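Just so you know, all these numbers are worked out from the coordinates, no wet-lab data involved. Treat the numbers as computed from the prediction; the structure is a model and nothing was measured. Cβ sites come from the backbone with ideal geometry, for glycine too, and all protein chains shown count toward neighbours.
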Amino acid sequence: MAAAEVSPPPGGDGPSALGARLDAGLVALGVDASAAQRAQLSAIIPLLARWNRAYNLTAVRNPAEMIPRHLLDSLAVLPCVRRGPVLDVGTGAGLPGLPLAILRPELAFTLLDSNGKKVRFVRQAVLELGLSNVTPVQARITAYRGPANFATITARAVATLSELCADCTPLLAPGGVLLALKGRNPAAELGDLAEAALPRVRADAAAVHRLAVPGLDAERSLVVVPFD
């Protein structure tokens, strides 16, 4: 799941430069996006930057940096998001849920977070982006039960693997999969998960994919945990 590195285009952080940086990143990831989808992805950045000034949704302040650190980082896992419905746990500012929902319009997404201001932002983003396949929900994962179980659950920098798997077990359909985005080598967490021997969790079949996010000089990995 590696991608070629890409240098940001010159020209500052105006709309055209941001769009060029996004387009270059999508090419490097091998993501085939329509013009409408690229426009939706681009629209997330000014909306997030505007809300961020008032609500502190993310520590990333520079719009140019939001592209690799939020959009491209989210889309690096797109090849593994194949089945729905999809639940994005601890979605925060809608990441990775919003970018994934844009590129997977045929799948239903539920974006879950316990933080009210972040869920309000996600609701506004869903409205402004015209996403009919996204449902924002404010709740803790331990208290949430959806109308149906999920085939795929995503989680970006949320809890340990053992905690995530324990919390997600009641929400995953048989044969479902947890996609956990991690920022470093998750070997220790995988060891803890194997020792926990949680029901339904196939720790022995968990796989780690190294992610190369264009424009992001940081170690990223995706842990894919299948469930019975």
Go ahead and estimate [θ] at 222 nm for the chain from helices alone: -39,500 (n - 2.57) per DSSP H run with n ≥ 4, summed, over the residue count, rounded to 500. -10500 deg cm²/dmol
Rounded to the nearest Å, the spacing of the alpha-carbon centers of segment 173-228 and segment 21-85 is 22 Å
Dmax and Rg, reported as Rg then Dmax, of segment 142-187 (C-alpha, Å): 11.0, 35
Considering Cα pairs under 8 angstrom that are at least six residues apart, work out the relative contact order of the chain and quote it in whole percent. 20 percent
Rounded to 5, percent antiparallel among DSSP beta bridges of segment 73-226: 35 percent
In whole percents, the bins of 10 Å from zero upward hold the Cα-Cα pairs of segment 73-226 as 11, 43, 36, 9, 0
Does anyone have the angle between helix 15-29 and the longest principal axis of the chain? Alpha-carbon axes, 0 to 90°, nearest 10? 40 degrees
Once you place label points 7 Å from the Cα toward the Cβ at R50 and S16, how far apart are they in nm? 2.3 nm
May I ask what percent, to the nearest 5, of DSSP beta bridges between residues of segment 137-228 are antiparallel? 65 percent
Convex hull per residue volume in Å³, alpha carbons only, for segment 32-129: 93 Å³
Could you line up D113, D204 from fewest to most neighbouring Cβ atoms inside 10 Å? D204, D113
